[in-house]
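Report on one structure; see the data block that follows.
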Number of protein chains: 2
Amino acid sequence: MRARTYLPFLLCLICAAGASAQTAPDASAASAPQHNLMPVPASVRFNSGRLAVNKTFSVAARGHMDARLQAAVERFLRRLEGRTVMELQRGLAADAGGAALVIEAVGAGRAVPSVEEDESYSLEVSDRQATLKAATTVGALRGLETFLQLLDGDREGHFVPAVSIRDKPRFPWRGLLIDVARHYEPLEVLKRNLDAMAAVKLNVLHWHLTENQGFRIESKKFPRLHGMGSDGQFYTQDEARELIAYARERGIRVVPEFDIPGHATAWLVGHPELGSAPGPYTIERKAGIFDPVLDPTREETYKFLDAFLGEMAALFPDEFLHIGGDENEGKHWDANPRIQAFKKEKGLKDNHALQTYFNQRVLTILKKHGKTMMGWDEIFQPDLPKGVVIHSWRGAAALAEAARQGYKGVLSNGFYIDLIFPTSQHYANDPLPADSTLTAEEAARVLGGEATMWSEWVTAETIDSRIWPRTAAIAERLWSPRDVRDVEDMYRRLAVISVRLEELGLTHEKNQAMMLRRLAGGRETGPLATLVSVIEPVKEYRRYQQRPQTMLSPLTGLVDAARPDSEAARRFNASVEALLSDAPRFAAHSRGVRDTLTAWRDTAPELEALIDRSPALHEARPLAADLSTLGTTGLEALSYLSSGVAPPAAWRDAKLAAIEQASKPKAALEFAVIPSLRQLVVAASEVARLKQTTPAEWKAQVKTMAAPPAKPPGK
Amino acid sequence: MRARTYLPFLLCLICAAGASAQTAPDASAASAPQHNLMPVPASVRFNSGRLAVNKTFSVAARGHMDARLQAAVERFLRRLEGRTVMELQRGLAADAGGAALVIEAVGAGRAVPSVEEDESYSLEVSDRQATLKAATTVGALRGLETFLQLLDGDREGHFVPAVSIRDKPRFPWRGLLIDVARHYEPLEVLKRNLDAMAAVKLNVLHWHLTENQGFRIESKKFPRLHGMGSDGQFYTQDEARELIAYARERGIRVVPEFDIPGHATAWLVGHPELGSAPGPYTIERKAGIFDPVLDPTREETYKFLDAFLGEMAALFPDEFLHIGGDENEGKHWDANPRIQAFKKEKGLKDNHALQTYFNQRVLTILKKHGKTMMGWDEIFQPDLPKGVVIHSWRGAAALAEAARQGYKGVLSNGFYIDLIFPTSQHYANDPLPADSTLTAEEAARVLGGEATMWSEWVTAETIDSRIWPRTAAIAERLWSPRDVRDVEDMYRRLAVISVRLEELGLTHEKNQAMMLRRLAGGRETGPLATLVSVIEPVKEYRRYQQRPQTMLSPLTGLVDAARPDSEAARRFNASVEALLSDAPRFAAHSRGVRDTLTAWRDTAPELEALIDRSPALHEARPLAADLSTLGTTGLEALSYLSSGVAPPAAWRDAKLAAIEQASKPKAALEFAVIPSLRQLVVAASEVARLKQTTPAEWKAQVKTMAAPPAKPPGK
């Protein structure tokens, strides 16, 4: 589901930005502000003391034990070994009395991972032993991840602090959608992402398997589906089973999506007879919304879907099956006289009604095959049976309305990680916001949320960097209590978890340097790294607008190497705010800000020389000039601020115009430090006025200085 | 084959170091000293002009075309896209006249990759078109790699310079041995290494599949072999076929090794009846040479080997099958009265004779299954039939002796990349040295060489960093003319090829930063990176001696993150040599040397603070102190040199003692800058004498200054 109309989403983000400004105290973590747990547990209380983690460390079990838990303990020990560089035991210790960690699980839980699974656990760590209790194996898995996050070290060695944790998720549905249709992802990419999901307690992989741009799952009944719709890039049924088993081992459900009746071009390549237009069809290579759509009027369509969905229902054990149902504009229906006649005959007043008819037919098929139907917002039409689950790309309000009417739902609006928004915005997004007016019964229908990794612009090389670490903060929103919302603390913990996720093979941190080396043709990448540290890909759907590519284009450009939510920019912006708040001295953080600005100014010549020799970087040339402009401008502002001498009259407008120019995206990239530069210039231009302003008044003004000028300066 | 006695190897390296000091002019590349080709072609002549590589770039074929070549063109285009960030054609262009690159292959070549394959090609690039001619598909593959290495860029865009290349390999056998027995490597690791091998024109993967520590190939006839000898980490026969096909696609042979009669503990876990001692046996976890050995006296052993090797001969299509045959000390033979009686009965005077008897029996089996036998030096015994190929870990002299006696051979002595020696030493190693006295006929029996990646201390995370980029220089030694031996130029090109290899998914460059982040527990790794840039793992077999681990230990320590052949150290050493040669001013490179030394001195406190918080780094604490000592010492020496003031009398010995202390390995790591520091101190202490020395005299002395003192100073 591509939210083409992003206005509701934008509005939501504006609210979110407001919300994130209130850094409410995190009551539940108050006793240990410096822990690195993510998601924050429901209840955590640190005690005095610590449990040493040394070469004798072992794990034992009391009570229930099964192959899944045993394998999880094995993986847990190997990860502990990797971090501590100590060789530890293999397998479970026989003696629970002497073990450092004792697991007490009550039972295996559900045979097939389920939305009803009890994932709760408790973890008690004293200086003698840690005890992990859980009702189910999955609960124990969640607790093992918490234990790994508690690992710390000092001069004495590795340890876990003494702590009492009682934990359970706020929402039962905490998912990550991976679109493997626009770009195929090798199985190993999905596996490492499942490992990362487990590390942050996500429990649903929403596997978006079919699209206009690709049909990625083997059908033994209709081999032309994947055979002609995938360029040979599809998952065999054996591979699907392997992935489902891999997910189950980690307490993760796999919900498959077969998007119909729209988003279905790739189905029609091998089966044009299912389409509403005569065809022939070819795999779509562009991004966007397209017209091909299944023909809902022919009985053969339902026979086909019955056979195909029956095959998939047998392959995927999860209770839910997602049928998409989004973004069908019905143009091919309008153009087909037979379909128009059918509508008239059946009294279907418009294409929405026709799609509802289609959905009802599909629902009957899914019921027959024992599945609960799930679909995007568009399926929420009058007469929709209550059992169907709504997946909302429209927003929490739409979800609440559905819940009020008795429908269960899952939120993805606000969790579109492909749109390159900063973590803080996703973090502020809540399926059940504090101002929700739902009754408890209605609220229980809001099952949770899913981050969506739509894959128009990601490959195996870059996908991790679009998912992680931001999705860890979404995982926290879906697991932790609603009042866990301290943005600063989230970012601090996120930096730690990001590095820890690397032990699972994720490439989100390490691939950027590699991509910069390739862009630089093996030359020194220092100047390029300086640039890329403060730029981000443009947001929402602007990348495609500004720098069109197809599904076959190489995704190896600077925009692909750049990452969302620049940490360097965030630090710089915080330093500038601290500096400006320190009026009239402007001493706080001034050295760091000056060094950074100087680096920008001085890097530009080297960067330009590098760009000259690297044609793949030619598109970045204007950014190099902008970087220099921003550095120079900032340094001038600093100089006025520190000297207290007011700049010439025309200076402010000239500089704001230069910043405005630098703020315009180039090569689908934009600087993430623009507001800070504006603040510096405005502050410098008002340095004289400062003498009549109290520090408190000044501080209140600083935040408003970043607004872009109402009209371009000088006009 | 583990060269436990490394004296011959050491001697060879000393010769090599001498040889590498003569930087003979690279005649064949004289016309273009700045190209990035590795291996350097047999003949290359740059012309004026260039072929633009832009969006219209396409490849066409005249003459022979097959699926293998077509797939290679497809990979070629995708790699070109990745570097240029331009979307290029899919598949072959129909119009050869308009194509930028035209391939003219004569035929497919051998169906099964062979040591007899014609790999020659020619590449003519003009400003209108490039023409790649080859007798075989494999020759065309080699030429495509050369074309990719020629890619360059400037302000005008990407291009390939006009050039005439006639190329063919010096040796037909250019291999990389990967030991997957000590540590198992996932198939994807082997695949990316096959891609890298193809990129530098290597053509043999020697797959070391069985060992004391693991039996890694599925046997359908004897499933207890892999079932009980591999901890579940083995390759299925389907996977082996997949890998062989993958290698064939890249013109690479796969030669399997089943090491017998020694190195066979893992065989005996499931089949103790094959052993010379009663058993039971368990998978070996330590490194070293072990006693378990097949019983060569029982007919059942040969029946078993006939069945097993017959199964493997059918699985592996290559003409050669490697039986190891190394490092059997025969202790279990000596201890077994029945085996002693057998020797007496057969008139076999010692264990060598018994092993020769065994080899003859195995040879008969292999002949029956259509294979040519290959084995390590030890199989070279009187009466060895001439068809057998000797694989030499002893050295070029042993290989020459075998060639004189009519045996074909392959050299691995001097190419033991697991021993962490610098690239320059491997580069100087030649299967047919310039002083060889072999006749042309004898010399033709020297088939080539193999780099050996023994895997005691590598995992999937680190193996690439032990193989690459050094193996690219070995590939050049085996492909390029003997007189291509300019070490400086090799290092310059190696840095470029190293980055280009990353496009194939190799992790040798990018994993170090990740490992440092893990060691630092997510904290700032800058100080650690400064340290690790100038240290190297200890050489030869000292790692195991100094820091014992097992095959089950985590290989995530600082020694694992450190890489062979430190580039930063090499640059520093070159700068110090330039500085000292610039007597009596000592101005050349002095700023860079001073900055580096200052960084070492100033990093130490931050580094120590980091170590305090990261127990996995505690073992590195003495290295942090040494780094500071080296920095301070170097700065003092610089100061005396620049001022011309002589240091106090005791200064020299005190400083040399401190350097001596710092030169001792810690945590199995050692500084790669010690000789330069010694030179600085000795030079500073003689700064007064300089006034009586001519610059030429001085220059001659500088090189000798790095020798460690004959006895510890001050004693």
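Counting protein heavy atoms only and a 1.4 angstrom probe, how many square angstrom of accessible surface do chains A and B bury in total, to the nearest 100?
Details: alone 27150 and 27200 Å², together 50820 Å².
In total, this chain pair buries about 3500 Å².
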Cα-based Debye curve of region B:76-212 sampled at q = 0.09 Å⁻¹ gives log₁₀ I(q)/I(0) of -0.34
When the Karplus curve 6.51 cos²θ - 1.76 cosθ + 1.60 is applied with θ = phi - 60°, which whole-Hz ³J(HN,Hα) does each residue of region B:324-341 get, with x for Gly and Pro?
x, x, 9, 6, 9, 8, x, 5, 5, 5, 4, 7, 10, x, 5, 5, 4, 4
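In region B:508-554, what GluC sites (Glu not before Pro) fall in a loop by DSSP, with at most 15 other Cβ atoms inside 10 Å? Show your work: numbers first, answer last.
On the way: sites: B:Glu509, B:Glu524, B:Glu540; in loops: B:Glu509, B:Glu524, B:Glu540.
Qualifying residues, ordered by number: B:Glu524.
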How well do other chains shield peptide A:117-125, expressed as the mean number of their Cβ atoms within 10 Å of each residue Cβ?
0
Using a 7 Å offset from Cα along the direction of the beta-carbon, what are the separations from A:Ala434 to the same position in each other copy, nm, ascending?
7.9
For B:Val645, project a label point 7 Å along Cα to C-beta. Then give me every residue of region B:674-701 with its amide nitrogen under 14 Å of that point.
B:688
Quick one: putting +1 on the C-beta of Lys and Arg, -1 on the C-beta of Asp and Glu, what dipole do you get for the protein assembly as shown around its Cα centre, in Debye to the nearest 20?
1280 debye
Which value, in debye to the nearest 20, gives the size of the charge dipole of chain B about its Cα centre, when Lys and Arg are +1 and Asp and Glu are -1 at the Cβ?
720 debye
For A:Val53, enumerate residues with amide H under 5 Å from its amide H, sequence gap 5+ or separate chain, H modeled in the peptide plane.
A:His158, A:Phe159, A:Val160
Would you mind pulling out the separation of the Cα centroids of region B:336-390 and region A:319-371, in Å?
76 Å
How about region A:61-128: which trypsin sites (Lys or Arg not before Pro) there lie in a loop by DSSP and see at most 15 other Cβ atoms within 10 Å?
A:Arg90, A:Arg128
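Please work out how many pairs of lysine residues in region A:231-389 are eight or more positions apart (or on different chains) and have Cα atoms closer than 16 angstrom.
Values: A:Lys303/A:Lys367; A:Lys303/A:Lys368; A:Lys331/A:Lys343; A:Lys331/A:Lys349; A:Lys367/A:Lys386; A:Lys371/A:Lys386.
For region A:231-389, the number of qualifying lysine pairs is 6.
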Non-local amide H neighbours of B:Lys408 (under 5 Å, H modeled in plane, Pro and chain starts lacking H): which ones?
B:Ile390
At least 40 Å² accessible surface lost relative to isolated chain, residues of region B:471-516 (1.4 Å probe)
B:Val499, B:Glu502, B:Lys510, B:Met514
If you average the alpha carbon positions of region B:685-702 and of region B:77-107, how far apart do those two centres end up, in angstrom?
59 Å
Please work out the average accessible area per residue across the protein assembly as shown, using the 1.4 Å probe convention, and give it in Å².
36 Å²
Name the residue from A:Ile535, A:His426, A:Leu438 whose Cα lies farthest towards the positive end of the charge dipole of region A:393-545, charges +1 on Cβ of Lys and Arg and -1 on Cβ of Asp and Glu.
A:Ile535
Exam field: B:Ala108 pseudo-label spacings to other copies (7 Å along Cα-Cβ), nanometres
5.1
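Within 14 Å, Cβ to Cβ, of A:Arg652, how many net charges do the neighbouring residues add up to if Lys/Arg are +1 and Asp/Glu are -1? Working shown, then result.
Values: positive: A:Lys655, A:Arg678, A:Arg689; negative: A:Glu636, A:Asp653, A:Glu660, A:Glu686.
Value of the local net charge: -1.
Based solely on its DSSP helices, what 222 nm [θ] is calculated for chain B when runs of n ≥ 4 H residues each add -39,500 (n - 2.57) and the sum is averaged over all residues, nearest 500 deg cm²/dmol? Before the final figure, lay out the partial values.
Numbers: 27 runs with 304 residues, N = 715.
So the helix-based figure for chain B works out to -13000 deg cm²/dmol.
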Pull up all non-local amide H partners of A:Arg182: gap of 5 or more, or a different chain, and H-to-H distance under 5 Å with H placed in the peptide plane.
A:Ser455
For region A:520-546 and region A:142-173, what is the separation of their C-alpha centers, rounded to whole Å?
36 Å
Show me the GluC sites (Glu not before Pro) within region A:298-348 that DSSP assigns to loop and that have at most 15 other Cβ atoms within 10 Å of their Cβ.
A:Glu329
Output needed: percent of Cα pairs per 10 Å distance bin for the protein assembly as shown, bins running from 0 to the one holding the longest distance.
1, 7, 14, 19, 21, 18, 12, 5, 2, 1, 0, 0
Given points 7 Å out from each Cα along the Cα-Cβ axis, report the B:Ala71 to B:Lys344 separation in nanometres with one decimal.
5.9 nm
Run the 1.4 Å probe and let me know the accessible area of B:Arg155, rounded to the nearest 10 Å².
140 Å²
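Per-residue mean of other chain beta-carbon atoms within 10 angstrom of the beta-carbon, peptide B:551-557? Provide the component values of the computation, followed by the final result.
Working: counts 0, 5, 5, 11, 3, 7, 3.
Average neighbour count from other chains, rounded to a whole number: 5.
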Given the rotation relating B and A, tell me which residue in B puts its Cβ closest to the axis and the distance in Å.
B:Lys510, 2
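For region A:581-635, which whole-number percentage of the solvent-accessible area (1.4 Å probe, protein heavy atoms only) is attributable to carbon and sulfur atoms? Don't skip to the answer; put the middle values down first.
On the way: 1140 of 2230 Å².
Here carbon and sulfur together make up 51 percent of the probe-accessible area.
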Relative to the other copies, what are the label-point distances for B:Ala335, with labels 7 Å from Cα along the C-beta vector, expressed in nm at one decimal and sorted shortest first?
8.2
Magnitude of the Cβ-charge dipole (Lys and Arg +1, Asp and Glu -1) of region B:283-325 about the Cα centre, nearest 20 debye, reported as 220 debye
Average projection area in nm² (convex hull over Cα atoms of region A:166-246, one quarter of hull surface):
6.1 nm²
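Please compute the net charge surrounding B:Phe234, taking Lys and Arg as +1 and Asp and Glu as -1 over other residues with Cβ under 11 Å from its Cβ.
Details: positive: B:Arg216; negative: B:Glu218, B:Asp231, B:Glu239.
Surrounding charge for B:Phe234 is -2.
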Rough spin-label spacing in nm, given labels placed 7 Å along Cα→Cβ, for B:Asp231 and B:Thr598
4.9 nm
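Suppose R0 equals 51 Å. What FRET efficiency, 1/(1 + (r/R0)^6) with r the Cβ-Cβ distance, do B:Ser164 and B:Asp238 give to the nearest 0.05?
Details: r = 45 Å, r/R0 = 0.88.
For R0 = 51 Å, the calculated efficiency reads 0.70.
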Phi-derived 3J(HN,Hα) across region A:634-639 with the Karplus relation (6.51, -1.76, 1.60, θ = phi - 60°), rounded Hz, x for Gly and Pro, is x, 5, 4, 4, 4, 5
Taking each residue of B:518-527 in turn, how many C-beta atoms of other protein chains fall within 10 Å of its C-beta, and what is the average?
3
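The values are calculated or read from the model by the stated rules, or taken from the named source; none is laboratory data. This is a predicted model, so every value here is computed, not measured. Because the Cβ atoms are built from the backbone with ideal geometry, glycine has one as well, and the counts that use them run over all protein chains shown. Note: accessible area is taken over every heavy atom of the protein model, side chains too, but ligands, DNA and RNA are not part of it. Shrake-Rupley method; radii C 1.70, N 1.55, O 1.52, S 1.80 Å.
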